[in-house]
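Below is one structure; the comments refer to it alone.
The values are calculated or read from the model by the stated rules, or taken from the named source; none is laboratory data. This is a predicted model, so every value here is computed, not measured. Glycine also receives a Cβ, built like all others from the backbone with ideal geometry; neighbour counts cover every protein chain displayed. The area values use the complete protein model at the heavy-atom level, side chains included, leaving out ligands, DNA and RNA. Shrake-Rupley method; radii C 1.70, N 1.55, O 1.52, S 1.80 Å.
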Amino acid sequence: MDVSLVGNLTEAPEFAGDESKARASLTVAVSESYRTAEGTWQSGETMFWHCWAWGKRALAIRDAGWVKGTPVVVQGTLRANVWRDRDGQTHRRTVVDVRAAGLDITRPVPASVVQRRQETLGVGEDRTHAWDTPPAPTD
């Protein structure tokens, strides 16, 4: 089943492996909001989704420099993860295998994430609002 999650990271993503077998683990907190009969916004229950990214996707998440609280959009496939611990107890967790992930640009992004992304892309100054300043005249 395909899902799209829009929420915030509960912690910075964790990484394992190397360039050839990279894995990223992240948890996204998703809260639904709704408008009451009086017209005010009310937050619903928060759900926490464990997500796994592999290979190039994991490396891209690592290079993005995401931190706790980063607003993200994650698209992927729901999967039931079942395992037995050392005591023989069976555990189940629903996880999301990440197909695509990125910043939710409709909400404020932490400055450290913007700076890290600029460094990764080799970008100099922040040109987010470059259109606000006319270009310098050329001779």
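Taking Asp63, Asp2, Asp87, Asp104 and ordering them by how much accessible surface each has at a 1.4 Å probe, largest first, produces Asp87, Asp2, Asp63, Asp104. Multiplying each eigenvalue of the alpha-carbon gyration tensor of the range 11-115 by 5 and taking the square root yields semi-axes of 27, 22, 11 Å, largest first, rounded to whole angstroms.
As an exercise, identify the trypsin sites (Lys or Arg not before Pro) in the range 53-112 lying in DSSP coil whose Cβ has no more than 12 other Cβ atoms within 10 Å. Mind dumping the intermediate values first?
On the way: sites: Lys56, Arg57, Arg62, Lys68, Arg79, Arg84, Arg86, Arg92, Arg93, Arg99; in loops: Lys68, Arg86.
Loop-located and lightly packed - Lys68, Arg86.
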